[in-house]
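Coordinate-derived values only; no laboratory data. Not measured: the values here are computed from a predicted model. Methodologically, a virtual Cβ is constructed for each residue, glycine included, from the backbone with ideal geometry; neighbour enumeration extends over all protein chains shown.
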Amino acid sequence: MLSRSPVKRLLALASALLLGAIFVIAATSIWQVTHADALWKIVQGSCIPDMQRNRVASPCVSVDLSGGVANGVAVLKDVTGNTQYLIIPTQKITGIESSAILEPTAVNYFSNAWAATDLVSQRLPHTLERTDFAVAINSVSGRSQNQLHIHVDCIQPAVKLALQQAGPEIQTTWQKLPIKLMGHEYRALWIPGSQLGSRNPFDLLAASLHHPGQEMGGHTLVLAGAERSNETGFILLDGKAPTFAVAVSPWLKLGLGVGEELEDHHCRLANRP
């Protein structure tokens, strides 16, 4: 009996690899659907009721319900890293694509996220500079949870250095960064001042898009503390997932458009002398 030709063997191998890839993608998609509400269940099922009954926020670090549940904010220590925290609305908001975050009365969740950088410092041996922190929200394709959450942690050392170098040229209008950050392209915007105040990064992004309702979900935002020429401010970064990733993101998260990549969950900046 003659053996199969090399072409047939290659076709058989390709078919096997394709079937294996389909199985992995399907299994991953099922896992994501099953676990996509984990954060919401923690906040809704534990943190809010505990705060209302006992004035404690367990397992969250804190829950602010002073403006009611519809305007509340929970702070949760993430299981990844020693210093990472998550800022989570106490109302159901899916993510960056939600129209709720662009309402005139919407909570400025980025302000809450920046305030939580104090919690990061408390877990470190010494106080960090404001330029050592970043807060980030991932795109629809780049997230694993279907409840809006902003990551709070230290910034990647290489990203801090790159922003220090580019900082003097960044304007108060959006512009493309001349360098890639962690291998990806970002736009940048300078926000003056030590606090955001009424300036909401979600609004700043939406104002630059032709169709915010359709486009927001494909974007990822990162807010980093910045200093330049005795001027204190923030650098707001906007990255974007490829169009194909946005198209399939309701069914499959491809891990693209992940501003969280600019954070360092090992906080290596804390190890400097």
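Points to keep in mind about this one:
- Ordering of 156-164, 176-184 by burial proxy (mean other Cβ atoms within 10 Å per residue, highest first): 156-164, 176-184
- Ranked packing of 35-46, 125-136, 258-269, most packed first, by mean Cβ within 10 Å: 258-269, 125-136, 35-46
- With one equal scatterer per alpha carbon and no solvent term, the Debye-computed log10 I(q)/I(0) for the range 73-271 at 0.10, 0.12, 0.16, 0.17 1/Å reads -0.37, -0.54, -1.01, -1.15.
- With coordinates expressed along the principal axes, the C-alpha atoms belonging to the range 123-218 extend over 43, 33, 31 Å, beginning with the largest.
- Using the Cβ-Cβ distance between SER58 and THR80 with R0 = 25 Å, the FRET efficiency computed as 1/(1 + (r/R0)^6) comes to roughly 0.80.
- In order through the range 183-199: 3J(HN,Hα) via Karplus (6.51 cos²θ - 1.76 cosθ + 1.60), integer Hz, x for Gly, Pro: x, 10, 7, 9, 8, 9, 9, 8, 10, x, x, 7, 10, 6, x, 8, 7
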